[in-house]
């Protein structure tokens with residue numbers, strides 16, 4: 001892949017996008033059975049049956065997915081493997097856009113049956129970028145559509161931080177909490193967390209500047225755009241060096257390629273069909289984006305605006321973005337335990353989320369351990385707010401291999417616990433001179449002692 005700004009072409013982006021699709025499909029695929037397979041935490045066949053029962057034939061529009069044809073475990077394996085193969089084809093074979101079109105259909109299908117485990121902003125960002133990739137070339141309208149996407153991704157992320165009313169963004173202390181409380185920090189996050197408050201406030205202000213001001217450079221002259229691309233890329237590199245955000249940062253960097261691609265002036269008139277397709281795609285994206293902007297700034301919507309959003313929402317072709325609108329200021333962690341007698345308890349160990357206080361934070365991107373991520377969200381509320389968690393505990397009592405295989409350590413390998421429970425702890429990074437990476441303080445019971453009986 002070319003990395004020189006002056007050499008960037010649409011083909012470079014398409015190859016890069018193929019790599020991202022490859023990581024997305026394979027990362028999901030190796031976890032799919034335990035997450036949404038027939039013996040997983042949230043079996044997707046049950047989900048589709050429930051949707052069909054509730055809303056009838058409109059389910060095919062509300063949940064567009066190839067899995068309506070077959071909802072077996074074999075179908076799920078076929079889809080993610082096929083997605084990975086077509087992603088490889090997009091990287092190395094001439095039929096890039098056709099291969100990426102298949103990837104788009106398959107990834108949309110996966111996301112729409114993934115439930116809690118495929119509900120992240122980068123999942124739908126990949127759909128939107130994949131949709132535009134079908135039409136990717138260096139014609140002016142299509143180049144500008146990609147620039148509009150990276151603008152919305154960055155600018156929306158900044159706006160939601162200010163409009164949320166979160167005090168940590170307004171008083172510039174957000175980064176003081178971020179490194180410690182983000183879902184899956186890296187070892188570098190521990191070191192950056194030790195910086196003084198003045199440095200944390202400066203980095204918070206810098207992040208807001210990059211998200212709120214720099215995006216306007218994306219529509220300026222080439223030199224201004226290139227500078228904006230490098231600044232945005234630098235921010236993404238800082239984010240991925242201190243936190244594991246799967247393929248999100250890589251995809252954001254890939255989109256910056258369109259800031260240095262120059263629209264080509266054609267010697268002959270553009271074919272009418274090409275112009276018609278460009279106009280149709282641009283009209284769709286402009287219409288939905290305007291409605292999303294109005295909602296972002298809490299302004300009245302035009303007549304039919306909400307209906308337009310509802311019509312296109314199942315396909316995730318145009319999305320609203322914005323991470324960490326409200327900064328978490330504490331880090332609760334859930335410790336899951338099992339017991340054979342209700343007296344002596346043994347802890348399950350997750351592969352990547354904080355558990356053992358002596359274990360260093362991992363570096364695993366672009367892989368995403370989706371169960372570990374959901375454990376972070378669950379800890380911020382109650383188990384009643386995360387219904388999947390009860391299913392997870394049931395699978396542990398059943399000793400389901402597909403689910404226990406998602407864990408680092410199963411203390412009941414070869415057998416099953418009679419009881420399970422979950423306790424919640426408050427985790428803090430240690431400071432220089434202290435032993436280990438984390439300090440943990442117990443805060444009580446998260447999930448009560450239960451048994452299948």
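Numbers for the structure displayed
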read-out: Yes/no for residue 108 being outside the structural domain of residue 386 (by TED's automatic domain parsing), crowded, with 21+ Cβ neighbours inside 10 Å, farther than 24 Å from residue 369 by Cβ and in contact with a helix residue (DSSP H, G or I) (Cβ under 7 Å, 6 or more places away or on another chain); value: no
read-out: Filter result for the condition that a residue is at pLDDT 95 or above, assigned to a helix (DSSP H, G or I) and farther than 27 Å from residue 296 by Cα, over 241, 203; value: 241
read-out: Condition check for residue 17: under 26 Å from residue 250 (Cβ atoms) and either in contact with a strand residue (DSSP E or B) (Cβ under 9 Å, 6 or more places away or on another chain) or without any contact (Cβ under 8 Å) to a residue 12 or more places away in the chain (or both); value: no
read-out: Residue check, residue 290 over 18 Å from the mean Cα position of the chain (by Cα), in a helix (DSSP H, G or I), surrounded by 14 or more Cβ atoms within 10 Å (Cβ to Cβ) and touching a residue at least 24 places away in the same chain (Cβ under 8 Å); value: no
read-out: Lone unmet requirement of (1) within 29 Å of residue 83 (Cα to Cα); (2) at pLDDT 95 or above; (3) not in a helix (DSSP H, G or I) for residue 195; value: (1)
read-out: Conditions (1) at pLDDT 90 or above; (2) crowded, with 16+ Cβ neighbours inside 10 Å; (3) closer than 30 Å to residue 393 by Cα: number failed by residue 323; value: (1)
read-out: One residue from 414, 433 being out of contact with any strand residue (DSSP E or B) (no Cβ under 9 Å at 6 or more places or on another chain) and within 29 Å of residue 186 (Cβ to Cβ); value: 433
read-out: Selection within the stretch 329-352 - modelled with pLDDT of 95 or more, part of a loop (DSSP other than H, G, I, E, B) and touching a strand residue (DSSP E or B) at 6+ places or on another chain (Cβ under 7 Å); value: 330, 348, 351
read-out: Pairs, first in contact (Cβ under 8 Å) with a residue 40 or more places away in the chain in the stretch 30-48, second surrounded by fewer than 22 Cβ atoms within 10 Å (Cβ to Cβ) and part of a loop (DSSP other than H, G, I, E, B), C-beta under 6 Å, six or more apart; value: 34/405; 36/42; 39/400; 48/71
read-out: Answer from 162, 125 - the residue that is touching a helix residue (DSSP H, G or I) at 6+ places or on another chain (Cβ under 9 Å) and crowded, with 20+ Cβ neighbours inside 10 Å; value: 125
read-out: Residue in the stretch 68-80 that is touching a residue at least 60 places away in the same chain (Cβ under 8 Å), surrounded by 14 or more Cβ atoms within 10 Å (Cβ to Cβ) and either closer than 27 Å to residue 394 by Cα or touching a helix residue (DSSP H, G or I) at 6+ places or on another chain (Cβ under 6 Å) (or both) present; value: no
read-out: Matching helices (runs of 4 or more DSSP H) fully within the stretch 13-125 where at least 2 residues are at pLDDT 95 or above and within 17 Å of the chain's Cα centre (by Cα); value: 32-36, 96-111
read-out: Any hit, the stretch 270-285, residues being over 28 Å from residue 118 (Cβ atoms) and in a loop (DSSP other than H, G, I, E, B); value: yes
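The values are calculated or read from the model by the stated rules, or taken from the named source; none is laboratory data. From a predicted model like this one, the values you see are computed outputs, not experimental measurements. Methodologically, a virtual Cβ is constructed for each residue, glycine included, from the backbone with ideal geometry; neighbour enumeration extends over all protein chains shown.
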